[in-house]
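Worksheet: one structure, shown below.
The numbers here are math on the coordinates, done by the rules we state, and not lab data. A quick note: this is a predicted structure, and the numbers were derived from the prediction, not measured. Cβ atoms come from the backbone with ideal geometry, glycine included; neighbour counts cover every protein chain shown.
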Amino acid sequence: MDTIEKNLIAQVADIHKVPEGAYNIRSNGELAGRSTTANIDIVTKQDKSGIDIIVKPDTKNESIHIPVVLSMSGLKDMVYNDFYIGENSDVTIVAGCGIHNCGVDTSEHDGIHTFYIKKGAKVKYIEKHYGEGDGKGKRILNPTTIINIEEDGYMEMDSVQIKGVDSTKRDTKAYLSDGATLVIHEKIMTHGSQTAETNFEVDLDGKRSSANVVSRSVAKEKSKQIFNSKINGNNECNGHTECDAIIMDEASVSAIPQLTANDIDAALIHEAAIGKIAGEQLIKLMTLGLTEAEAEEQIVNGFLK
Amino acid sequence: MLELQNISYQVNNDSKDKEILKDINLKIDEHLVVITGPNGGGKSTLAKMIAGIIKPVSGKIILDGEDITELSITERANKGISFAFQQPVRFKGLTVMDMIRLAAGKDITIPEACGYLSEVGLCAKDYINREINASLSGGEVKRIEIAMVLARETKFSIFDEPEAGIDLWSFQNLIQVFEKMYKKIKGSILIISHQERILNIADKIIVLADGQVIDEGSREEVMPKLMKSNIACPTLLDKMH
């Protein structure tokens, strides 16, 4: 791998050397490195592009890194990754995609990640998106995540897209069984003429299942964001969705929460707030000696931290 | 020394000009000065004007011989003016540590930040990583606001009604904070307050009512007059008697 690709990997996966534990690095549509452990297997799919990640039951405190980098302008990459997380295991998965496009053609990576989280298993899933390169070619990322959580399973998903992705459409669909829990934290910052669309749909099918979907975003310049969040309460369950956005310049943000209760014991809440940075926040930081621009930067960074 | 020369300020309300400050002339050179007076008398406006948040319609503000009337909030902050808001601002995502660090203007250590928090009676380890959001009580944000001014270590510190919005128990502690601060803080402290116990530690008291300075002098001179004057609403006082 060259320096550009190494830098992309550092950005999306916080990896500077060869990662510990299991990993699979995909570079420009090709396999660039793989390692498995006694408990975690990674197998290339035969019928289509992508991998199966298989975690044995009772695997504890192991991590899996699966970064994807694209540095060839004009490349369109599409993968299917399936995660099978064995009963009572507890693992961290770091995925992410970095695009460096200095050419004129569009670079695009579409990943479809499907999770099968078995009884009592716990997963922390971190996904980072990053784009760079000064070419005119667009950088496009369209991730789809399908989550199936069995009884008493738990998944926490952190998705971050801070810079350089021209267009993104994120679809996340989750199905929760009895006692299953899903926590999603999304952070997005868009600038220039970027667009970001997020669609969450969570089916709380099981008794005492719960979901918390939280999005914090900042839209700058002429960028556009759409946040759709649907929670369907089909049993005794708790659902909460929250969208908190800072809007700047000539940007546009839509927050469209939708709750459906199909059971008398479904408790569902949505909250959405969109607004510019409060003038008094800027003034407070200016009385500490910051310029208006520095104050704005601190507020935005803190908000997305 | 801070000097206000012929400061006037008015706002336009329903196309009628309302005078908030009328030709104010003040010199603040003492260690601890308290401005008091009835609500709506122009005290907070005056404090905001010193910090640069409001610009006077006419008059001059002089800090140590330099005319700062046209300087921005940031420039005044960098010249050594600090301002604790009456209603502290909350920030989603910024922690107590972030704010103390920004206030100090340098990368201070956690023990140093803890020092400032202890000064205002907060147990640092409970607070240092907390976000300054709606989860903190009014009394807590008020103390953090004061700790931020301490961390700045500037030559002119303004506190706008530090007692407002906090419960009586917290207030007892707050008085101790100011009594301690009197000894530690350098330069001048300007407090806007209605509280007798804060007035009791003042070197100088200024009484502001209806946009004018109606009395000014040492604590010994002004306090006795304040205790018997009825600058409060006369109708209310009539009812009480």
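Just a few scattered comments:
- For segment A:3-279, a Kirkwood hydrodynamic radius built from all Cα pairs, placed in the Stokes-Einstein relation at 25 °C and 0.890 mPa s, yields a translational diffusion coefficient of 128 µm²/s.
- Pairwise FRET efficiency - B:C123 versus B:R197, Cβ, R0 = 22 Å, nearest 0.05: 0.35
- The mean count of C-beta atoms from other chains within 10 Å of the C-beta of residues in B:95-101, rounded to a whole number, is 2.
- Rg(Cα)/(2.2 N^0.38 Å) for the protein assembly as shown, N = residue count: 1.22
- Listed peptides A:97-107, A:190-200 by packing density, highest first (mean Cβ within 10 Å): A:97-107, A:190-200
- The amide H of A:D58, built 1.01 Å from its N in the peptide plane, has A:E87, A:N88, A:S89 as neighbours under 5 Å, considering only residues 5 or more places off or on other chains.
- Between A:S254 and A:K224, the simple spin-label model (points 7 angstrom out along Cα→Cβ) gives 0.8 nm.
- Placing +1 on the Cβ of every Lys and Arg and -1 on the Cβ of every Asp and Glu, with no other charges, gives segment A:3-279 a dipole of roughly 720 debye about its Cα centre.
- When only Cα pairs below 8 angstrom with a gap of at least 6 residues are kept, chain B shows a relative contact order of 26 percent.
- Per-q log10 I(q)/I(0), segment A:53-101, q = 0.19, 0.25, 0.31 Å⁻¹ (Debye; single scatterer per alpha-carbon; no solvent): -0.69, -0.92, -1.18
- Peptide-level mean, for B:152-158, of C-beta atoms on other protein chains within 10 Å: 1
- Potential lengthening between A:I146 and A:D52 on full extension [0.36 nm per residue; Cα-Cα distance subtracted]: 32.4 nm
- Per-residue HN-Hα couplings for segment A:179-192 [Karplus 6.51, -1.76, 1.60; θ = phi - 60°; Hz; x = Gly/Pro]: x, 7, 10, 10, 10, 10, 10, 10, 10, 9, 10, 10, 9, x
- Against chain B, whose longest principal axis is taken from its Cα atoms, helix B:168-184 shows a tilt of about 90°.
- Gain on full stretching of the segment that runs from B:E30 to B:K18 - 0.36 nm per residue minus C-alpha separation: 1.2 nm
- Segment B:1-58-segment A:286-305 distance, computed between alpha-carbon centres (Å): 28
- Here the spin labels are modelled as points 7 Å beyond Cα on the Cα-Cβ line, and at B:D167 and A:K136 they lie 6.6 nm apart.
- Counting only other chain Cβ atoms within 10 Å of each residue's Cβ, the peptide B:83-90 averages 3.
- Prolate/oblate/rounded call for segment B:1-131, Cα gyration tensor, a/c under 1.5 rounded: prolate
- Within the protein assembly as shown: Cβ-based charge dipole about Cα centre, in debye rounded to nearest 20 (Lys, Arg +1; Asp, Glu -1): 640
- 5 angstrom amide H check on A:Q258, placed H, neighbours 5+ away: A:S229, A:K230, A:I231
- P(r), alpha carbons of segment B:73-172 - 5 Å bins starting at zero, rounded %: 2, 13, 25, 26, 20, 10, 2, 0
- Taking segment A:171-305 and dividing mean pair separation by its residue count, relative contact order in percent (alpha carbons under 8 Å, at least six apart): 21
- Translational diffusion coefficient (Stokes-Einstein; Kirkwood radius from C-alpha pairs) of segment B:15-66 at 10 °C, 1.306 mPa s, in µm²/s: 125
- Each label point was placed 7 Å from the Cα along the Cα-to-Cβ direction; for B:Q10 and A:K76 their separation is 6.9 nm.
- As a calculated quantity, the FRET efficiency between A:T44 and A:E201 at R0 = 30 Å, using C-beta atoms, amounts to about 0.50.
- If the segment from B:Q176 to B:S218 were pulled out straight at 0.36 nm per residue, it would be longer than the present Cα-Cα gap by 13.0 nm.
- Cα centroid of segment B:89-162 to Cα centroid of segment A:166-194, whole Å: 34
- Pair-distance profile P(r), taking every C-alpha pair of segment A:178-277, with 5 angstrom steps and integer %: 3, 14, 25, 19, 14, 10, 8, 5, 2, 0
- The listed peptides A:27-38, B:90-101, ordered by packing as a protection proxy, come out as B:90-101, A:27-38 (highest mean of other Cβ atoms within 10 Å first).
- Rounded to 5, percent antiparallel among DSSP beta bridges of the protein assembly as shown: 20
- Taking segment A:155-219 and dividing mean pair separation by its residue count, relative contact order in percent (alpha carbons under 8 Å, at least six apart): 42
- D_trans [Stokes-Einstein, Kirkwood Rh over alpha-carbon pairs] for chain B, 37 °C, 0.692 mPa s, µm² s⁻¹: 175
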